[in-house]
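Novice: Provided herewith is a single structure, encoded as structure tokens, for subsequent inquiry.
The values are calculated or read from the model by the stated rules, or taken from the named source; none is laboratory data. Computed from a prediction, not measured in an experiment: that's the story for all the values here. Using ideal geometry, Cβ is built from the backbone for each residue, glycine included, and neighbour counts are taken over all protein chains shown. Heads up: the accessible areas ignore ligands, DNA and RNA and are worked out on the full protein's heavy atoms, side chains in. Shrake-Rupley method; radii C 1.70, N 1.55, O 1.52, S 1.80 Å.
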There are 2 protein chains.
Amino acid sequence: MTASERRFKDAIYEQFARIGKAVSSPKRLELLDLLCQAERSVEALASAANLSTANTSQHLQVLRGARLVEAEKNGLHVIYRVAEPAVGEFFLVMRSLGQARLAEIEQISRDFFGGEKDFEAVGQQVLLERIREGEATLLDVRPAEEFLAGHLPGAISIPLPELRRRLEELPRDREVLAYCRGPYCVLSAEAVELLRAEGFAALRFEEGDPDRQLRGLPLAFGVAEAEPGKTGTIKTRF
Amino acid sequence: MTASERRFKDAIYEQFARIGKAVSSPKRLELLDLLCQAERSVEALASAANLSTANTSQHLQVLRGARLVEAEKNGLHVIYRVAEPAVGEFFLVMRSLGQARLAEIEQISRDFFGGEKDFEAVGQQVLLERIREGEATLLDVRPAEEFLAGHLPGAISIPLPELRRRLEELPRDREVLAYCRGPYCVLSAEAVELLRAEGFAALRFEEGDPDRQLRGLPLAFGVAEAEPGKTGTIKTRF
DNA sequence: GTAGTATTCAACCATTCAATTGATTACTGT
DNA sequence: ACAGTAATCAATTGAATGGTTGAATACTAC
């Protein structure tokens, strides 16, 4: 191998390593995960990930250095977002590789969620059909902004902190399927706990490995609006 | 957020970061790239990547720690291989993300290959059809072991070092399309140079972004065997 | 067993990295 | 202009990393 060939290879792999370095820190992965849900300000990211603002800013600049995220100045705030959908897809591939290869992940998950594996048995296709046929209510418990940035079709949005005082929006004669950011987000677990305590039949929709397909499936965007016919339930515009 | 939730998240993201750390070093990426072509001993990897054996061994152990590769002791040698196909797919997704987002990569590539972009215009589908119809010869110039571990269907194998003395195996009335490990491997570029000097019509098959699809397409494996009818040309068994 | 080879281990240095702290810049509303 | 807020920058700390070197281990061939 000539010296110039080696220089070329070194240069090329060093470039690709920029992406690897960007996703080699747990905190940056958490930030990236959040950004895959919706764009956010530095401050919002910092509080969501339990980091100092300065530290968050530095991590975001590493992510930006690898061109995974972009920043836009909006008045007093700087809004970060993933640079393009391919970034989210990469993140999901990486996550699913981790799920496939790292037994520790399932172990940690099981330890935390208590091995109940609440939901999991029902296939996602079946699930979505049941929701369309009105046998179940799909509930998105993430913050409203994330719902607005994209959600599963047919889902209604009640952010977890508002859930207790908005229970009457949920029909009591159907099962509630709560979902949030993915298999490692705890919002839906808390929602299910609360709903069950209130007498609902509630399951956690894990949105696990199939995140990809689900997000590939018809995703709904935009503003949610009240449906006049029903009891104040927020439904998505299709 | 409760303390236990935070611990859970930290633990989970730390696990995923293991994969990120594994692919955050240029050298490890080069090793992984080589392993995606075919399994190899530490020594073979070290010499292919211009590293000391000890250093290679350490990098491989990092990759193994992230469960991306597996090692098997075979007599005096330790053979490393990618743990499962999903690893190669992840690597390709990462590479294609880099190609999409990092302008530097195309720049470095152009600088090295001289901007000729030898091949690129012809779509891969078209290309493969032309090969099947006998209008072109598809030539794999990688080492024989890599060819045996998997190659494009219809390709014949002549490792670059043997090319000069095996030119008579290539029909002179057809175009030769040489390929190697991918868009950043220089073997095929050298092959094209040699072939053109010898009066062949030769193009480099870049196997760029579409690596995925190509590798997803019918890949041929196993032992190559001589075809009695033709002039000693090695063809793949289908 | 002995010699020789492939790999890993252990100790070491230089560099890089994550996170904290305090200062600085950029913008908004009054 | 001034105060207040969001974000970044700069400097520092301790920990982790990449790479080298030389010794130790595991296996093969004789």
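Novice: Residue check: is B:Ala86 open to solvent by less than 40 Å² (accessible area, probe 1.4 Å), at pLDDT 95 or above, within 10 Å of chain A (Cβ to nearest Cβ) and touching a helix residue (DSSP H, G or I) at 6+ places or on another chain (Cβ under 8 Å)?
Specialist: Considered against the rule, which asks whether it is open to solvent by less than 40 Å² (accessible area, probe 1.4 Å), at pLDDT 95 or above, within 10 Å of chain A (Cβ to nearest Cβ) and touching a helix residue (DSSP H, G or I) at 6+ places or on another chain (Cβ under 8 Å), B:Ala86 comes out as no.
Novice: Still on this structure: Quick check, is B:Arg165 modelled with pLDDT of 90 or more, outside any loop (DSSP other than H, G, I, E, B) and either outside the structural domain of B:Cys36 (by TED's automatic domain parsing) or open to solvent by less than 10 Å² (accessible area, probe 1.4 Å) (or both)? Talk me through it step by step, then tell me what you get.
Specialist: On the way: modelled with pLDDT of 90 or more: yes; outside any loop (DSSP other than H, G, I, E, B): yes; either outside the structural domain of B:Cys36 (by TED's automatic domain parsing) or open to solvent by less than 10 Å² (accessible area, probe 1.4 Å) (or both): yes.
Here the answer is yes, as B:Arg165 does meet what is asked.
Novice: Return yes when B:Glu70 is within 14 Å of chain A (Cβ to nearest Cβ), part of a strand (DSSP E or B) and not hydroxyl-bearing (Ser, Thr, Tyr) and no when it is not. Give the steps one after another, and end with the answer.
Specialist: Details: within 14 Å of chain A (Cβ to nearest Cβ): yes; part of a strand (DSSP E or B): yes; not hydroxyl-bearing (Ser, Thr, Tyr): yes.
So B:Glu70 fits the description; yes.
Novice: Within region B:180-199, can you find the residues that are without any contact (Cβ under 8 Å) to a residue 60 or more places away in the chain, under 11 Å from the mean Cα position of the chain (by Cα) and open to solvent by 30 Å² or more (accessible area, probe 1.4 Å)?
Specialist: Across region B:180-199, the qualifying residue is only B:Leu187.
Novice: May I ask you to verify whether B:Ser4 is open to solvent by 30 Å² or more (accessible area, probe 1.4 Å), at pLDDT below 95, within 11 Å of DNA strand C (Cβ to nearest atom) and assigned to a helix (DSSP H, G or I)?
Specialist: Values: open to solvent by 30 Å² or more (accessible area, probe 1.4 Å): yes; at pLDDT below 95: yes; within 11 Å of DNA strand C (Cβ to nearest atom): no; assigned to a helix (DSSP H, G or I): yes.
No: the conditions fail for B:Ser4.
Novice: Hey, A:Gln213 hits all of (1) in contact with a helix residue (DSSP H, G or I) (Cβ under 8 Å, 6 or more places away or on another chain); (2) modelled with pLDDT of 85 or more but one; which does it fall short on?
Specialist: It is condition (2) that A:Gln213 fails.
Novice: With away from DNA strand C (no atom under 15 Å from the Cβ), touching a residue at least 24 places away in the same chain (Cβ under 8 Å) and crowded, with 19+ Cβ neighbours inside 10 Å as the only criterion, which of B:Arg95, B:Arg40 stands out?
Specialist: Checking each option against the conditions leaves just B:Arg95.
Novice: If only one of A:Ser25, A:Ser96, A:Ser41 is in contact with a His (Cβ under 9 Å, 6 or more places away or on another chain) and under 26 Å from B:Phe91 (Cβ atoms), which one is it?
Specialist: After applying the criteria, what remains is A:Ser25.
Novice: Go through region A:73-90 and count every residue that is outside any strand (DSSP E or B) and more than 10 Å from DNA strand C (Cβ to nearest atom).
Specialist: Of the residues in region A:73-90, 8 are outside any strand (DSSP E or B) and more than 10 Å from DNA strand C (Cβ to nearest atom).
Novice: Restricting the search to region B:66-83, which residues are within 11 Å of DNA strand D (Cβ to nearest atom) and open to solvent by less than 40 Å² (accessible area, probe 1.4 Å)?
Specialist: Residue satisfying the conditions is B:Ala66 alone.
Novice: Consider region B:6-44. How many of its residues are more than 15 Å from DNA strand D (Cβ to nearest atom), facing another protein chain (nearest Cβ under 7 Å) and under 26 Å from the mean Cα position of the chain (by Cα)?
Specialist: 0
Novice: Can you name the residue in region B:45-54 that is open to solvent by 40 Å² or more (accessible area, probe 1.4 Å) and within 14 Å of chain A (Cβ to nearest Cβ) and, of all such residues, is farthest from B:Ala144 (Cα to Cα)?
Specialist: B:Asn50
Novice: What are the residue pairs meeting all of these: first residue in region A:50-67, first residue farther than 15 Å from A:Asp33 by Cβ, second residue within 6 Å of DNA strand D (Cβ to nearest atom), Cβ atoms under 9 Å, and 6 or more apart or on different chains?
Specialist: A:Thr53/A:Val42; A:Thr53/A:Glu43; A:Ser57/A:Val42; A:Ser57/A:Val78; A:Gln61/A:Ala71; A:Arg64/A:Ala71
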